[in-house]
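To keep things clear, I will list the structure first and then write my remarks on it.
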Amino acid sequence: MKLIDVTKQFTTDDKCLDYIEKMRWPHGVGCVHCGSMSVSTITRTAGKNKRTRIYQCVEKECGKQFSATSGTIFNDTHLPLTKWFMAIALICEAKKGLSALQMQRHLGVNYRTAWHLCHRIREAMQEGGLLTGEVTLLTGVVETDETYVGGKVKRKGRPYVKRDKKDVVIGMIERGGKLRFIPVKDNKMSIIEPVLREHISADATLQTDESAIYTIFGTRHFPGRHRMINHTRSYGIGDNHTNTIENAFSLLKRGIYGSFHKVSTKHLPRYCNEFSYRFNRRKEQLAMFDATLKNLTRGEVLPYKKLTSQVSGT
Ligand SMILES: [Zn+2]
């Protein structure tokens, strides 16, 4: 089943609400304020775009009303849930990313709405570790390299073309496993070394090219378990290659230059997260849809105000 078929299933806000309820309360509706399972249902006459399914806590000390979207990002939006669901599916499916302009065309909403929607969904597309603070280590054969993105050309008042400093992205991938992109401000050893050590298990086999930085790093931390390919001679000899991470970099770059045209340094970490999140779940798109939706219903992790203050003024 493809994701687009799934979205055909969510033709009304009511069906979307059913899904959110099941996801949020797999063991039955519980009060979002006090956690009590003693709740009653309130029927309300439906107005336009109004959420009609309201619950009331029957605990004496609480007694508050709530709905399936209370405390979630969906509560602060006038956009129908059907459009939210469609937008999540579209972003999950877009291998190279989706621009706000493309989102605007697909959903038939104005640009500003589309732009906001993209940012909020992207914020929810983060590896679990970033939300919970725990980082799992990459293991097995881990290909590592860095790439450079961006760098606006400056021409104003200059006789020559000068480029802005490019952003550095460190890429690490377990062969047949997880990918990670970490943007850093410089390609110095002092900056790259702690990042690699934070993400790569000490018992992994390191696979890099022969650049000076990896030669030193490998000798220091992966003695006897570091394989290097000389790129001036060959792109790969048998298993000795960095093609997996190179392919992942080219996907990231096609996304950045193709769908987004340019990405400012400020937003680069979010794009890097989005790409690795999608790459790591590419074979389980339905699970990706659910995980993204679940993150969006975690009100405490993704407060609406924090998100809008992060993305406003850009
Ligand atoms: Zn309650």
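The values are calculated or read from the model by the stated rules, or taken from the named source; none is laboratory data. In this text the structure is predicted, and so the values were computed from the model without any measurement. Glycine gets a Cβ as well: all are built from the backbone with ideal geometry, and neighbour counts include every protein chain shown. With ligands, DNA and RNA removed, areas are computed over all heavy atoms of the protein, side chains included. Shrake-Rupley method; radii C 1.70, N 1.55, O 1.52, S 1.80 Å.
Miscellaneous remarks
- Test for Glu174: is it in contact (Cβ under 8 Å) with a residue 24 or more places away in the chain and either under 22 Å from the mean Cα position of the chain (by Cα) or surrounded by fewer than 20 Cβ atoms within 10 Å (Cβ to Cβ) (or both): yes
- Filter pass, Thr144 being of a type in the set (S, T, N, Q), within 29 Å of Glu284 (Cα to Cα) and at pLDDT below 95: no
- Subset of region 73-85 [surrounded by 18 or more Cβ atoms within 10 Å (Cβ to Cβ) and at pLDDT 90 or above]: Leu81, Lys83, Trp84, Phe85
- Selected residue (criterion: modelled with the lowest pLDDT) from residues of region 108-134 that are open to solvent by 20 Å² or more (accessible area, probe 1.4 Å) and outside any helix (DSSP H, G or I): Gly133
- Cβ pairs under 7 Å, 6+ apart, first in region 271-290 and under 10 Å from Leu252 (Cα atoms) and of a type in the set (Ser, Thr, Tyr), second in a helix (DSSP H, G or I) and open to solvent by less than 50 Å² (accessible area, probe 1.4 Å): Tyr271/Ile256
- The residues of region 41-72 that are open to solvent by 80 Å² or more (accessible area, probe 1.4 Å) and either touching a Gly at 6+ places or on another chain (Cβ under 7 Å) or at pLDDT 85 or above (or both), listed by number, are Thr41, Val58, Lys60, Glu61, Lys64, Gln65.
- Within region 57-84, residues that are of a type in the set (D, E, K, R) have Cβ atoms under 8 Å from residues that are open to solvent by 30 Å² or more (accessible area, probe 1.4 Å) and within 10 Å of the ligand (Cβ to nearest atom) in these pairs: Glu59/Cys34; Glu59/Ser38; Glu61/Cys34; Lys64/His33; Lys64/Cys34; Lys64/Gln56, counting only partners at least 6 apart in sequence or on another chain.
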